[in-house]
Amino acid sequence: MVTRLTTVRPRGGRWPGVLAGLAILLLAVATLMMAGSGPAYRGEFISLGEAFNLLRNGVYAAGGAVAVSIVTLLFSLLVHRSRPALIATLVIVAAAALLYVPWQHWQRAQQVPAIHDITTDTQNPPVFEALADAREAAPNAVDYPGDATAQQQQAVYPYIKPLVLDEAPQMVLAAAQAEAEEAGWRIARITDNHIEATATTRWFGFEDDVVIRLTELENGVQVDMRSASRLGASDVGTNAARIEKFLTALEARLE
């Protein structure tokens, strides 16, 4: 006589697997929404409002994946299922990584003022000439916003100052052009003391305009710079970071 041994699963044993599958599905949807929102807008398939809605819904989907994963972990502990628990843990980790970028962006937005035009010379900002028409057609104005923006900039970005170099103007101009080209900016005009270019952000393809002005001094050259977004009330610190990075790289190149 042969006795067959069977393993009896606790009630609800299949639910952890079902929930784990749902968590994976939500994570996949969140990834597609969040990763695709920028390229879809950049490719002119959707409007900016639709892109932001897609990004927001992706965040909600990622949050849903985390919530379902937590429930999956609890069920898995109750019915002693290790595989769904492992899947749920991996989904939580992946969702956290996915949410890190928008969370970091939101955190930065809370820490900086809602300004989008940054310059090393707030009293006499470099002027857009070649790019004036493009900026006139954009939501943000071509002219520098004025004292209110200058005060907010100085309070949050006190390190944004002119760069003084003990070099010949021609050498500084050539180095500045090389840096702009290396950064991938689209150059609109170059004169003896003036460079205008447009920088395009990687994800959404937002266009920010840059003007670099050289002023010859008795023993060198003063480099002033202005970086202004065409769209959006706040640049979330992008223009200040661009100026700081460019001037640091320019100084290093000339050294």
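Over segment 190-250, what number does the Rg to Rh ratio reach, with both radii from the alpha-carbon atoms and Rh per Kirkwood?
Numbers: Rg = 13.0 Å, Rh = 12.7 Å.
Taking Rh as the inverse mean 1/r over Cα pairs, Rg/Rh reads 1.03.
Residue ranking by accessible heavy-atom surface, 1.4 Å probe, largest first, among R226, R83 comes out as R83, R226.
Across segment 116-255, Cα-Cα pairs farther apart than 18 Å form 51% of the total.
Projected label points at V93 and I187, each 7 Å from Cα along the beta carbon direction, are separated by 4.7 nanometres. Tilt of helix 169-182 relative to the longest C-alpha principal axis of the chain, in degrees (0 to 90, nearest 10)? Helix 169-182 sits roughly 20 degrees off the main axis of the chain.
Along the charge dipole of the chain, Cβ charges K/R +1 and D/E -1, which of T120, F75, G146 sits furthest on the positive end? Comparing the listed Cα positions along the dipole, F75 ranks first. Which value does Rg/Rh take for segment 59-105 over its C-alpha atoms, Rh per Kirkwood? Taking Rh as the inverse mean 1/r over Cα pairs, Rg/Rh reads 1.07.
Charge tally for Q152 (other residues, Cβ to Cβ under 14 Å; Lys, Arg +1; Asp, Glu -1): -3. Hydrodynamic radius of the chain by the Kirkwood approach over all distinct alpha-carbon pairs: 21.7 Å. Considering only the other residues whose Cβ falls under 12 Å of the Cβ of Q222, what net charge follows from Lys and Arg at +1 and Asp and Glu at -1? With Lys, Arg at +1 and Asp, Glu at -1, the neighbours total -4. Label separation (Q154 vs A132): 2.8 nm, computed from points 7 Å beyond Cα along the C-beta direction.
Principal axis analysis of the Cα atoms in segment 13-158 yields extents of 71, 35, 16 Å, listed in decreasing size.
So if I place +1 on the C-beta of Lys and Arg and -1 on the C-beta of Asp and Glu, and nothing else carries charge, what would the dipole magnitude of segment 65-183 be about its Cα centre? I want it in debye, nearest 20. Show your work: numbers first, answer last.
Numbers: 5 positive and 12 negative charges, 278 e Å.
Computed about the Cα centre, the dipole is about 1340 debye.
In a reduced charge model with +1 at each Lys and Arg Cβ and -1 at each Asp and Glu Cβ, segment 136-210 shows a dipole moment near 180 debye about its Cα centre. Placing +1 on each Lys and Arg Cβ and -1 on each Asp and Glu Cβ, with no other charges, gives the chain a dipole about its Cα centre of roughly 2900 debye. Most tightly packed first, judged by the mean number of other beta-carbon atoms within 10 Å of their residues, the peptides 198-211, 125-138 read 198-211, 125-138.
How would you order 114-121, 89-96 from highest to lowest mean count of nearby Cβ atoms within 10 Å?
Details: 114-121: 22.0, 89-96: 17.9.
Per-residue mean Cβ counts within 10 Å order the peptides as 114-121, 89-96.
The reciprocal of the average 1/r between distinct C-alpha atoms defines the Kirkwood hydrodynamic radius, which for segment 45-131 equals 16.8 Å.
The values are calculated or read from the model by the stated rules, or taken from the named source; none is laboratory data. All figures in this text were calculated on a predicted structure; none of them were measured in a lab. Note: ideal-geometry Cβ built from the backbone for every residue, glycine included; neighbour counts use all protein chains shown. Heavy atoms of the whole protein, side chains included, go into the accessibility calculation; ligands, DNA and RNA do not. Shrake-Rupley method; radii C 1.70, N 1.55, O 1.52, S 1.80 Å.
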